[in-house]
Amino acid sequence: MTHLDLGPVANGYQALKGMLFTPSSPESLKRLIDWLEQEQRYPELLQEAKQWQSEPLELECDFNRMCIGPTKLLVPPYESVYRDVGRQLNTDRTMKVADFYQQLGLVIDTRFNEPADYIGNELEFLFCAEALRHQQQNEDPAAADELEQLAQVFLEQHLGTWYQTFTEGICQHAQLDFWRCYAQVLEDFLTSRLKNSGVDTPTAKHH
C-alpha cells in the first residue's frame, strides 16, 4: 500500500476514528499506536494501547457494553440523543449531519449499520475534509480554504457541541483504563481543533 501524506491533523482523526468502528482490529490499534508514538504527547494511552495489542477483543467488549448494546446504552454515541428532546435517534438533526457528508460526496458505510450522527461517522467526515484540505493546500489554496471552513462549521454546529458529554460518559462508565485514556485524548484533540477555529470550549471534568 502506498503511504499517503495526509497531514498531522488527518492522521489524528484517522487514528482516533478507527477505534470507534473496529476496536478489536489489530490494524486499528496499530494505527493508533503509530500516531501516538509520532505525537509523543499521550504516554498513558500509548502504554494502554500496547498492552492490549495481543488481545484486543476485550477492548471491543467494553466499548460495546457502553456504546452499542444490546442493553440500555450507557454512553450513546449519537449526536441526536444528546441534542434532541427525548434522546431520539435518526432525527432531523441526523439528516443535517448527512447533508454535510454529501458536500464531500461521502456516503455512510452500511457495514456498520450506524446513522449519520454516530460519532465515528462524524470523525470520518472531519478526517476526509482535513485529508482533502492537506492535499489541496499547495495545488488549490482556495479549495483548501473552503474545506477548512466546512470542517470548522461542522465542528461548531455538530460534533463540537456534544463530544465532551460523550467523553465524560466514557470516563465514567469504562471498565478498562484504555477507554478512559482514549476518551481524554479524543477530548483533548477535538478541543484543540475547536480552539484552532476560534471557538471557546468549556473545561472538562474528568478527574
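The values are calculated or read from the model by the stated rules, or taken from the named source; none is laboratory data. A quick note: this is a predicted structure, and the numbers were derived from the prediction, not measured. Here Cβ is always computed from backbone atoms with ideal geometry, including for glycine, and neighbour counts include all displayed protein chains. For accessibility, only protein heavy atoms count, side chains too; no ligands or nucleic acids. Shrake-Rupley method; radii C 1.70, N 1.55, O 1.52, S 1.80 Å.
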Exercise. How big is the chain by Rg and Dmax over its Cα atoms, in Å?
Worked result: 16.5, 50
Seminar exercise, completed: Rounded to whole Å², per residue accessible area for the chain with a 1.4 Å probe reads 53 Å²
Exercise. Given 0.36 nm per residue, what is the gain on full extension from residue 172 to residue 188 after removing their alpha carbon distance, in nm?
Worked result: 4.1 nm
Seminar exercise, completed: Carbon and sulfur atoms account, in whole percent of the 1.4 Å probe accessible area of the chain, for 47 percent
Exercise. Applying 1/(1 + (r/R0)^6) with R0 = 25 Å to the Cβ-Cβ distance of residue 38 and residue 111, what FRET efficiency is obtained, to the nearest 0.05?
Worked result: 0.30
Exercise. If the limit is 27 Å between Cα atoms, which of 17/72; 50/72; 17/50; 17/195; 17/96 go over it?
Worked result: 50/72
Seminar exercise, completed: In debye to the nearest 20, the charge dipole size for the chain, taken about the Cα centre with +1 at each Lys and Arg Cβ and -1 at each Asp and Glu Cβ, equals 540 debye
